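The values are calculated or read from the model by the stated rules, or taken from the named source; none is laboratory data. Quantities reported herein were computed from a predicted structural model and do not represent experimental measurements. Positions of Cβ are generated from backbone atoms using ideal geometry, with glycine treated the same way; all protein chains shown enter the neighbour counts. Calculation scope for accessible area: heavy atoms of the full protein, side chains included, ligands and nucleic acids excluded. Shrake-Rupley method; radii C 1.70, N 1.55, O 1.52, S 1.80 Å.
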Amino acid sequence: MVSFLARPPSRRDTLRWGLLGLGASALGGSLAGCGGSSSSIRFLQNKPEVIEYFGGLVKDFNASQSEVRVNHDATTTALTPQFVRGTPPDVACYNYNLETANFLSRGALTDLSDVPAASTIRDDVQDLVDQFAQFEGRTSVLPYSVTAAGCIYNIGLFEKHDVAVPKTWPELIEACKTFQKNDVLPLYTTFLDGWTLRQGIFDCVSGSNLDVTTFFERLKELGGDAGPDAEVSFTKDFADAARRMVELFAYSNRDAGSRNYNDGNAAFARGDVAMLLQGPWAIGEISQAAPDLRLGTFALPGSDDPGTTKVRVNLDLALWIPEQSGDAKGARQMVSYLMQPSVMNAYNAKNLATSPIKNPPQQRDPRLTGLDPYIRSGRFYQGAGTYISESIPLPSYLQDLFLTKDVDGFLRRLDGAWARRAQRAAA
């Protein structure tokens with residue numbers, strides 16, 4: 001991905017600076033290396049576009065000392081079978097989601113609160129972990145990379161048609177009408193990759209329309225009593241957001257049902273689409289295809305009050321060590337190395353993400369500066385779709401919603417699926 005920052009330090013630079021500035025104790029053990037390797041650990045990292053980058057970090061770490069040999073595992077094999085067989089990775093830098101949260105809630109991940117770098121994480125970012133699961137007050141997952149998703153927009157088209165970045169829902173709809181009137185497609189939507197609907201229009205509209213975190217906390221408290229007629233439900237609490245999702249979808253491409261994620265990026269790169277609901281991973285691909293296209297990002301307003309607007313975030317990567325790790329000490333050395341600010345900040349700057357530390361470096365990439373004030377002030381949320389298990393076919397429900405425009409049917413269907421899953425879990 002292209003970065004407008006000054007060249008970040010090389011991996012060898014960061015390692016050298018870390019050794020000089022932190023000392024061996026801050027790295028969880030000596031990195032100086034004296035003698036033969038005493039252990040070998042497996043480091044799992046599942047983000048495909050940064051395999052090479054982490055491969056370089058592993059190589060430099062191994063070259064710096066001889067106590068621990070790290071083997072880089074970049075497979076996407078399901079985690080659950082590994083834990084069941086008693087062969088989980090020794091340490092992982094993995095997307096934090098409900099699957100990982102299940103291991104945390106069962107006490108399968110070791111407590112990392114005594115790792116020095118744990119105290120450098122922002123409280124509101126660490127809270128994102130606790131929103132999914134907790135276990136005996138442990139700090140078992142350390143955030144590593146926070147990605148913010150909003151509405152990517154074509155600056156040139158906004159300027160040409162005298163459209164300001166919308167701050168409220170009425171302004172967003174008015175912008176769509178202006179583009180449509182001038183034969184510009186307001187929004188590109190992709191049905192074939194259902195996750196783009198979940199983390200796009202569903203998460204972005206609902207997140208600035210209601211308090212997602214509180215809603216799911218209350219919904220989980222209902223357990224098996226959840227349902228459309230309960231005091232807290234999708235039917236009652238998501239009604240306004242769902243209606244607005246349908247309203248916004250009306251300004252999408254007519255062939256959305258046959259288009260996927262790559263189609264959306266390609267269409268936007270051609271310069272004839274005003275807006276795209278995607279994260280920074282799409283920005284990199286679009287800029288590679290159209291390096292001269294001026295891109296910006298804004299937080300999608302989901303209500304009539306600009307004060308409620310927030311940015312959707314997710315823990316794109318987080319570090320954790322299983323209780324079954326064959327070498328917890330060596331795994332902690334790797335965690336402490338990766339958590340050095342010079343290492344972590346360089347990674348996040350290169351990959352259009354934000355470091356989870358207190359007072360992170362300011363976002364200077366003009367394609368993302370529109371989201372930075374929200375991140376710095378804590379005006380962010382984890383998308384509603386991230387709280388919903390993949391056993392509930394939310395993307396299919398959303399596809400049906402946009403085809404039928406049956407808001408009530410969509411919400412009751414979602415309530416029913418949630419209630420059935422909660423009842424099975426309670427049995």
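A straight chain from residue 260 to residue 231 at 0.36 nm per residue would run longer than the Cα-Cα distance by 6.7 nm.
Using a ≥ b ≥ c from the Cα gyration tensor of the chain (square roots of the eigenvalues), is it rounded, prolate or oblate, where a/c under 1.5 gives rounded and otherwise the larger of a/b and b/c decides, a/b for prolate? Oblate shape, in that a/c is at least 1.5 and b/c is the bigger or equal ratio. Each Cα pair under 8 Å and six or more residues apart adds its separation to the average, and for the chain the resulting relative contact order is 27 percent.
At a probe radius of 1.4 angstrom, the accessible area of the chain per residue rounds to 42 square angstrom.
Please work out the FRET efficiency for the pair residue 364 and residue 294, using the Cβ-Cβ distance as r and a Förster radius of 22 Å; give the result to the nearest 0.05. So the FRET efficiency works out to roughly 0.90. The separation of the stretch 72-95 from the stretch 187-211, counted between C-alpha centres, amounts to 29 Å. Extension gain for residue 305-residue 49 works out to 88.4 nm (0.36 nm per residue, less the C-alpha to C-alpha distance).
Roughly what angle does helix 328-338 make with the longest principal axis of the chain, taking Cα atoms, 0 to 90 degrees, to the nearest 10? Once rounded, the angle reads 60 degrees. Ordering of 294-301, 367-374 by packing is 294-301, 367-374, highest average first (other Cβ atoms within 10 Å, averaged per residue).
Return one number: the angle in degrees, 0 to 90 and rounded to the nearest 10, between the long axis of the Cα atoms of helix 239-249 and the longest principal axis of the Cα atoms of the chain. It works out to around 80 degrees. Could you tell me the calculated FRET efficiency between residue 63 and residue 126, based on Cβ-Cβ distance and R0 = 45 angstrom, to the nearest 0.05? Once rounded, the FRET efficiency stands at 0.90.
Computed extension gain for residue 181 through residue 391, at 0.36 nm per residue and net of the alpha carbon distance, reaches 71.5 nm. Put a dot 7 Å past the Cα of residue 40, heading toward its Cβ, do the same for residue 134, and the two dots end up 4.1 nm apart. Helix content alone sets the calculated 222 nm mean residue ellipticity of the chain: runs of n ≥ 4 DSSP H residues at -39500 (n - 2.57) each, divided across all residues, give -12500 deg cm²/dmol. Which one, 422, 322, 375, is farthest towards the positive end of the dipole of the chain when Lys and Arg carry +1 and Asp and Glu -1 on their Cβ? Of the listed residues, the answer is 322.
Using a probe radius of 1.4 angstrom, the carbon and sulfur fraction of the accessible surface of the chain is 48%. Using only side-chain charges placed at the Cβ, +1 for Lys and Arg and -1 for Asp and Glu, the dipole size of the chain relative to its Cα centre rounds to 820 debye.
Note on residue 376/residue 167: beta-carbon distance plugged into 1/(1 + (r/R0)^6) with R0 of 22 Å gives a FRET efficiency of 0.75. Between the residues 98, 39, 116, the greatest Cα displacement towards the positive end of the dipole of the stretch 27-140, with unit charges on the Cβ of Lys, Arg, Asp and Glu, is found for 39.
Oblate is the label for the stretch 194-341, because the ratio a/c of its alpha-carbon gyration tensor axes (a ≥ b ≥ c) is 1.5 or higher and a/b is not greater than b/c. Taking 7 Å steps out from each Cα toward its Cβ at residue 426 and residue 404 produces label points 2.7 nm apart. In straight-distance terms, cross-link reach from residue 59 covers every one of the lysines whose alpha-carbon lies under 24 Å from its own, apart from those fewer than eight places away in the same chain; here that gives 47, 329, 350. Using only side-chain charges placed at the Cβ, +1 for Lys and Arg and -1 for Asp and Glu, the dipole size of the stretch 81-224 relative to its Cα centre rounds to 360 debye. Listed by chain and number, the lysines placed with their C-alpha closer than 17 angstrom to that of residue 177 are 160, 167; residues fewer than eight positions away on the same chain are left out. Positive-end ranking of 278, 239, 260 along the dipole of the stretch 230-280, with charges on Cβ about the Cα centre, is headed by 260. For the stretch 63-218, averaging the sequence separation of C-alpha pairs within contact (under 8 Å, six or more residues apart) and dividing by the residue count gives a relative contact order of 14 percent. Loop-resident chymotrypsin sites (Phe, Trp or Tyr not before Pro) (DSSP state other than H, G, I, E or B) in the stretch 34-130 with no more than 13 further Cβ atoms inside 10 Å of their Cβ are absent.
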